[in-house]
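Working notes, structure below.
The values are calculated or read from the model by the stated rules, or taken from the named source; none is laboratory data. In this text the structure is predicted, and so the values were computed from the model without any measurement. Backbone-built Cβ (ideal geometry, glycine too); neighbour counts: all protein chains shown. These accessible areas exclude ligands, DNA and RNA; they are computed on the full protein's heavy atoms, side chains included. Shrake-Rupley method; radii C 1.70, N 1.55, O 1.52, S 1.80 Å.
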Amino acid sequence: MSKKRKLEFLTDEYLDTLLSALGGKENIAYSTHCITRFRIVAKDSSLINENKIRSMDGVKGTFTASGQFQIVYGTDVGDVYNTFTNKFNLEKSTKQDVKQIVNKKGNLFKRFLNYMSDIFIPIVPVLVSGGIILGIRNIFEANFNETFFTGRFNADGTPILGWSMVNVSQFINGLNAFLWIPAQVCFWWLPVSICWSIFKKMGADEILGVLVGLTLLVGPLLNVYDVFSSGEMQSLWIWDIVKELEKAGKDVAFDWGFMQYPWKIAYTSQVIPAMGVGVVGAYLNLWIKRVSPNVINQISVPTVTLLGSYTLALFIIGPLGYILGSAIGIGFQWALTNSVAKYFFALIIGALHAGLVITGMHHLLNAVMIQNVAQYGGDFIFMSVCAQAIGQGSAVIGWMILNKKDPKAREVGAASVTAAYLGVTEPALYGVNLKYLFPFIAGCISAAIGLEILVISGVTAQAIGNGSWLGVLSVQINSKVEGVKTFPGTAYLWFMIANIINMGVSIVLTMVLGKISWFKKFDPNYIELENTKNTNLENKKANKKIKEAVTS
């Protein structure tokens, strides 16, 4: 009964007025609705009388985002939409149809962000789950006292040192090993999820997308973490690393007799290369299905799709990615160890580090960090790892505050923050920050500030550990790097001071940037809550004036 009363305003006169305010039937190119909003793609947005629509009954607010004029009706929007489209015989479109049409009109950068968002929407739950599992394992493996003797010895007779849960409890040790398998599936095998999602989005054969992803990971390809985490590396260039692996007896390249190439290095956890291979594979799949005779489709389609994408991946995309990664690693090493340059480049590296996570190249820094500790006695790059995780995770908190009335925002945000604060930023990046853009920018700026404070205060790492708040366990009490002097109070104190500032700047800056209407165009689901509140206030004032006029 109450629902019927709510919709009493849906009269013929009301619908005619709404159509007129939208510029007439001819001005409506496409229309659809989501849970709370009536979305219209207008041929000429200047013909829309937004003030008139805002003053109409049932309307809780209006705004334009990603080329769509959106009218907020609340949960009754479905009834409004169906009544409106049925009365005027308008074609009904799905949300996806409208989004694809709008994306074609956007600039290249905007289309890229929307494309990334579409790919990662179905993958985000996997990243969140994997992030929580990895975070639990990070706590289990955190070394709270590196000189503590556990009373046990390694197979070679050396004592096992360090107070960690896995060292002092066999049950925790077993649980940690048990949890490693689902954690690997979620992150190490991320290229499989990415290729599947791309094939699905492009309308290609999804099962072949899964197989293309698997060709980038399975043996005899060497796990990329094992390759770039060896403490024996004397050079960071990929071809030198390959030579060192060959000397160690590793089968690191395909031997054709006349050459040994490409390298047998897997795409473990890599995002951008996997996206490139996924797109190429999907196009190959669609092309061969179109040109191949039906009688040989079952042979030609999977064979061309798999071999074509796999060959391109190992011969071109992979090697280029590793060469670029080597160059970045060498640049990072110089920028954060040079006695003068580090003060300038800390800001730049802190700001750009999250971008490395997006490309999947961040794991290449493992070799740099290990070499820095061996060569210089300590490392600054690990501080950048911690700063970017805390910055991006805190940006999600700011986004949650802006959207505090949205239960879905709390659900997605809480899981993303938890994962980031435990050292895994992918859920925050792909679930929230890149989608809305302004939290990502805020997190990058705050991470830059945090890393600058860490470098100035002389906080260095003694080993690779948990890349977030628990990274405090990996810092040197006083830096052992020559020429670096840690501020009074020990590095533990300054690690916390720098990252508390990092967290605060990220939250506040996210809330400030979130008020800027320019960011609305990067995501069609973004609502500027303040505008809606103002619209409701304006409607209340208008209704009050009408009542006063009638009374007088």
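Starting from the Cα of Glu13, step 7 Å along the direction of its Cβ; do the same at Val210; then give the gap between the two resulting points in nm.
About 5.9 nm separates the two model spin labels.
Which links in Lys43/Lys87; Lys201/Lys515; Lys25/Lys405; Lys247/Lys342; Lys52/Lys405 stretch past 23 Å when you go from one Cα to the other?
Those over the limit are Lys201/Lys515; Lys25/Lys405; Lys247/Lys342; Lys52/Lys405.
When the accessible area of the stretch 452-521 is computed with all protein chains present and a 1.4 Å probe, what percentage of it is carbon and sulfur?
Answer for the stretch 452-521 is 73 percent, counting heavy atoms of protein chains only.
So how far apart, in nm, are the two label points at Ile500 and Lys200 if each is 7 Å from Cα heading toward Cβ?
Output for this residue pair reads 4.3 nm.
Provide the gained length on full extension for the span Ile330 to Lys247, in nm with one decimal, where the gain is 0.36 nm per separating residue minus the Cα-Cα distance.
Details: separation 83, 0.36 × 83 = 29.88 nm, distance 2.24 nm.
So the extension gain works out to 27.6 nm.
Taking amide H positions as placed 1.01 Å from N in the peptide plane, with prolines and chain starts having none, which residues 5 or more places from Ala42, or on another chain, fall under 5 Å of its amide H?
Long-range HN contacts for Ala42: Ala29, Phe69.
How much length, in nm to one decimal, is gained on full extension between Tyr343 and Ile401, taken as 0.36 nm per residue of separation minus their Cα-Cα distance?
On the way: separation 58, 0.36 × 58 = 20.88 nm, distance 3.33 nm.
Contour length minus the Cα-Cα distance gives 17.6 nm.
Please express the Cα-Cα pair-distance distribution P(r) of the stretch 338-515 as a list of whole percents, one per 10 Å bin, running from 0 to the bin with the greatest distance.
It works out to 12, 42, 32, 13, 2, 0, in whole percents.
For Thr62, enumerate residues with amide H under 5 Å from its amide H, sequence gap 5+ or separate chain, H modeled in the peptide plane.
Those qualifying (amide H under 5 Å, at least 5 residues apart or on another chain) are Val72.
Quick one: dipole size for the stretch 338-515, taken about the Cα centre, charges +1 on Lys/Arg Cβ and -1 on Asp/Glu Cβ, in debye to the nearest 20.
So the magnitude is around 380 debye.
So if R0 is 22 Å, what FRET efficiency would Trp239 and Leu307 give, r being the distance between their Cβ atoms, rounded to the nearest 0.05? Spell out each step's value before the answer.
On the way: r = 26 Å, r/R0 = 1.18.
Working from the Cβ atoms, E equals 0.25.
Need the full-extension length gain, Phe171 to Trp287, defined as separation in residues times 0.36 nm minus the C-alpha distance. One decimal, nm.
Working: separation 116, 0.36 × 116 = 41.76 nm, distance 5.31 nm.
So the extension gain works out to 36.5 nm.
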